[in-house]
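Accompanying notes for the structure given below.
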Amino acid sequence: MKIKFFIIFVVILGACQNVNKAPKPDNLIPEDKMVDILVDLQRLDAVIQKNDQQFEMRNVKAKDLILEKYKVDSLQIANSSNYYAEDFSVNESIYEKVKSILEAEKKLVDSLYANKKTEMEKAKAKKITAVDSL
């Protein structure tokens, strides 16, 4: 019984190691810029999922264009992401802003699509009425 208790104690003690936090990068991307980058990366992922063959066929390096747009590199994004991930409330705030922006854009696109669909249905109904009257 004492051996089991000692083994459990050693395992628990070993699990209580000091976890090193990610250091603050010298070139930390500000939170608002990080939100913009993540929004653009999410948009890009959606487009690539929809048109993967077109991107491959044209050899488009869209992620490089995003990095160039924001004048950052992938290591800077990774280091900044690791740093922000250490603070749950900051990380959650960043991703809530990203989610909010994308949801607002989706709502806008959905409303535009619904309006276009309604216009097409009206035009089709007019066409049918015009043909019937002939």
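Below are the figures for this structure:
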{"read-out": "Rg [Å, one decimal], Dmax [Å, integer] - the range 26-126, C-alpha atoms", "value": "18.0, 64"}
{"read-out": "Amide H contacts of Asp73 (H built 1.01 Å from N, under 5 Å, at least 5 apart or other chain)", "value": "none"}
{"read-out": "Net charge, Ile29 excluded, C-beta distance under 15 Å - Lys, Arg +1, Asp, Glu -1", "value": "-4"}
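Values quoted throughout were computed directly from the atomic coordinates according to the rules given, and no laboratory measurement underlies them. All values derive from a computational prediction rather than experimental measurement. Every residue, glycine as well, gets a Cβ built from its backbone with ideal geometry; the counts of neighbours run over all protein chains shown.
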